[in-house]
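Notes follow once the structure below has been shown.
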Amino acid sequence: MRVLDTSAILRSDLDFSDGEYIITYGVLSELLEDGVKDLIDLAIGKNHIKVHVPGEQYKKTVSSKAYETGDLNTLSETDLEVLASCLENNAVLASDDYAMQNVAAALGIAFEGLTHKGISRQVTWERVCAGCGRKFEDSFKGVCPTCGHKTRRKASYSERID
Ligand SMILES: [Zn+2]
């Protein structure tokens, strides 16, 4: 079993038929771009990917370990849930994020980066208002100045570059 974070999905060849994969709802919500979202929905429908909600006790274990390693402030709620899913399912973390790999190592979770496969898509992050759709830099904090709704993180990606 492998738990995929968003960048792992976008850097994969998007063929999940060979194994058992897990993602979280947080990761699913970051895949707003239609092409990838459709492929993931299909893979979920075929049971190649399971969507998992990690238990609270696993999230607590991950958060306190991330605090110990000094990575807590770097990690998003989604990152923590991905790690908690690894812990709960005794699964391998698939992520290129150093902070996540660091916490995984501290928790005894096996991990693998994706870069050995070569990057097949360039991933960039931005924030999008959940209300009006206005776009912001990834570093933007706070609510949308136009309509007052929360902003959410969103991945966009280039066409395959291999
Ligand atoms: Zn707005």
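The values are calculated or read from the model by the stated rules, or taken from the named source; none is laboratory data. Just so it is clear, the structure is predicted and the values come from calculations on it, not from any experiment. Virtual Cβ from ideal backbone geometry, glycine too; neighbours counted across all protein chains shown. Each accessible area value is taken on the protein alone, full model and side chains, heavy atoms only, with ligands, DNA and RNA left out. Shrake-Rupley method; radii C 1.70, N 1.55, O 1.52, S 1.80 Å.
For segment 27-50, a tally of residues being open to solvent by 10 Å² or more (accessible area, probe 1.4 Å) and under 12 Å from the mean Cα position of the chain (by Cα) returns 3.
Picking from residues in segment 8-26 that are over 12 Å from H52 (Cα atoms) and modelled with pLDDT of 85 or more, the one that is most open to solvent (accessible area, probe 1.4 Å) is E20. Scanning segment 87-111 for residues that are under 19 Å from F16 (Cβ atoms) and either in a strand (DSSP E or B) or within 12 Å of the chain's Cα centre (by Cα) (or both) returns V92, L93, A94, S95, D96, F111.
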